[in-house]
Amino acid sequence: MLSSLLLRHQTEFGPVLPVDLNGPAVARLDFTAHNPLVAATDLRDTAAFEQLVHGLLAAQGAAIGVGGYLEPRVIYRRSPHFGLAAAEEPRSLHLGVDVWLPAGTPVLAPLPATVHSLADNANFGDYGPTVILEHELEGTVFYSLYGHLGRREWQRLRPGQALAPGEAFATVGPYPENGDWPPHLHFQLIADLQGRAGDFPGVARPSERAAWAARCPDPNLVLQCAII
């Protein structure tokens, strides 16, 4: 399994962001229904959502927020992109890790990579500018996805472009160009793209948790943040 492969190589991974995710400025953020502040905020208003993020960080004396893998979130109710029709089960199970930090922060390749594909997923509440990188370890090909990026740096990338470990290839984007979210990076690991390019589900139906967890192992195997 991909998880076992990543565990064997953990000491080889570089950072995805040029910040210490195990430092005192980092706090875990909860976007489930258990957080009453989330329920009380109009999440369709991105400025109000950003104020919520800043307030949650300030309450913990932090500047960077992390978390979200397999978290059943209520924040996706802000957008019909995640399936809000009464006849269907909404997608609310987050498949990546989010790192909430300022727009303009560089995004780094954590290991040797090739740019697999790019897309500007511009629906309200979607990824915005997105990069999928292709990696190989012990003959196994897998992928990492980076969502909510800045458009200027993203426009310079090309499929097939090689990236060295630690190379900055994108930045965290501002809203509204980042899919209209408070600035953050969505980082996700993918075992099999299933023929997709430039996009891959980052939120799933809770009833399909086991299948999606197998396709998208814990991104913290790369990030190695102690509090998530």
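Bear in mind these aren't lab numbers, they're just calculated from the coordinates by the rules spelled out. The structure presented is a predicted model; accordingly, all values stated were derived computationally and were not measured. Quick reminder, even Gly has a Cβ in these numbers, built from the backbone with ideal geometry, and neighbours come from all protein chains shown.
Brief remarks on what is shown
- Whole-angstrom gap from region 178-193 to region 98-155, using each part's C-alpha centre: 7
- Label-point gap, in nm, between Asp192 and Arg28 - each point 7 angstrom along Cα→Cβ: 3.1
- Crossing angle, helix 46-59 versus the chain [Cα axis fit, 0-90 degrees, rounded to tens]: 80
- Note on Leu37 and Ile227: with the Förster distance fixed at 22 Å, the Cβ-Cβ geometry gives a FRET efficiency of about 0.70.
- Helix-only mean residue ellipticity at 222 nm for the chain, each DSSP H run of n ≥ 4 adding -39500 (n - 2.57), per residue, nearest 500: -4500 deg cm²/dmol
- Ranked by how many other Cβ atoms sit within 10 Å of their own Cβ, fewest first, the residues Ser3, Ser144 fall in the order Ser3, Ser144.
- Order of Cys225, Cys216 under a 10 Å beta carbon neighbour criterion, fewest first: Cys225, Cys216
- Put in order of Cβ neighbour count within 10 Å, fewest first, the listed residues Thr140, Thr32, Thr130, Thr41 become Thr140, Thr32, Thr41, Thr130.
- For the pair Ala211 and Ala48, a Förster radius of 35 Å applied to the C-beta separation gives a FRET efficiency near 0.55, rounded to the nearest 0.05.
- Restriction of the GluC sites (Glu not before Pro) in region 87-166 to DSSP coil positions whose beta-carbon has at most 14 other beta-carbons within 10 angstrom yields Glu88, Glu138.
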